[in-house]
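The values are calculated or read from the model by the stated rules, or taken from the named source; none is laboratory data. Everything quoted here is computed from the prediction, not taken from an experiment. Here the Cβ positions follow ideal geometry from the backbone for every residue, glycine too, while neighbour counts run over all protein chains shown.
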Amino acid sequence: MKGIVFSEFIEMVEQRFSPEVADRMIEAAKVPSGGAYTAVGTYSHEEMLALIAELARLTGGSVDELVQAYGRHLFTRFTQLYPGFFEGVTSAFDFLQRIEDHVHLEVRKLYPDAELPRFDTVQRDAHHLVMVYESRRPFAALAQGLIDGCLEHWGETADVRTTDLSEPGITRVRFDIVRRSAA
């Protein structure tokens with residue numbers, strides 16, 4: 001995983017909890033990097049799993065809830081760090097459908113060694129989008145948080161139902177995203 005994902009996670013922990021909690025989390029996780037991440041560096045996803053597990057232990061939060069909160073935080077940061085990805089995009093569905101063929105294409109230009117998950121999307125109708133997340137890493141909850149952050153960014157509300165389609169060694173989750181009609 002790219003270092004930016006780690007450094008943004010540490011930043012979220014410092015903001016949401018405290019710098020002391022972040023330090024205790026890093027120390028207790030005993031990660032090989034010692035918690036020193038560069039944005040362009042590459043680190044094992046196992047480090048992220050260890051950090052998340054320690055944060056859950058320290059805060060009493062659930063791993064999935066913390067990872068989803070991080071996904072929402074990360075989406076907001078992406079809008080600030082990479083505003084070009086959002087130019088000309090008019091809705092959450094519009095953006096979500098662009099992830100694989102536009103956003104990930106540009107990310108690969110910036111970070112050629114990035115191991116990105118795959119997102120297949122099908123828009124069933126104006127209110128229903130199906131996204132399938134697939135990765136060798138178990139971060140479907142992060143994808144859920146990013147989806148939630150995307151919906152929040154465009155001020156849209158939706159019901160998101162997940163279906164786990166994973167197999168040994170592959171995390172695959174289907175997200176059925178159904179926009180709610182404006183009241």
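Worth a mention:
- Condition met for A114 (of a type outside the set (D, E) and at pLDDT 90 or above): no
- Residue in the range 117-127 that is closer than 21 Å to I10 by Cα, out of contact with any Gly (no Cβ under 7 Å at 6 or more places or on another chain) and buried (at least 17 other Cβ atoms within 10 Å of the Cβ) present: no
- Qualifying positions in the range 51-70 - exposed (fewer than 15 other Cβ atoms within 10 Å of the Cβ) and in a loop (DSSP other than H, G, I, E, B): G60, S62
- Against the numbered list (1) in contact with a helix residue (DSSP H, G or I) (Cβ under 8 Å, 6 or more places away or on another chain); (2) more than 21 Å from A140 (Cβ to Cβ); (3) among the aliphatic types (A, V, I, L, M), L96 comes up short only at (2).
- Filtered residue count, the range 10-50, keeping only those that are under 21 Å from D113 (Cβ atoms), assigned to a helix (DSSP H, G or I) and in contact (Cβ under 8 Å) with a residue 12 or more places away in the chain: 4
- In this structure, L142 does satisfy being under 21 Å from E46 (Cβ atoms) and either in contact (Cβ under 8 Å) with a residue 60 or more places away in the chain or not acidic (D, E) (or both).
- Scanning the range 15-58 for residues that are at pLDDT 95 or above and of a type in the set (S, T, N, Q), we see that the one that is nearest to L110 (Cα to Cα) is Q15.
- Of the criteria (1) under 21 Å from T171 (Cβ atoms); (2) not assigned by TED's automatic domain parsing to the domain that holds A141, which one R118 fails: (2)
- Checked against (1) under 24 Å from T42 (Cα atoms); (2) surrounded by fewer than 16 Cβ atoms within 10 Å (Cβ to Cβ); (3) of a type outside the set (S, T, Y); (4) touching a helix residue (DSSP H, G or I) at 6+ places or on another chain (Cβ under 9 Å), G169 passes all but a single condition, namely (4).
- Scan of the range 161-183 for residues that are touching a residue at least 60 places away in the same chain (Cβ under 8 Å) and of a type in the set (S, T, N, Q), ordered by number: none
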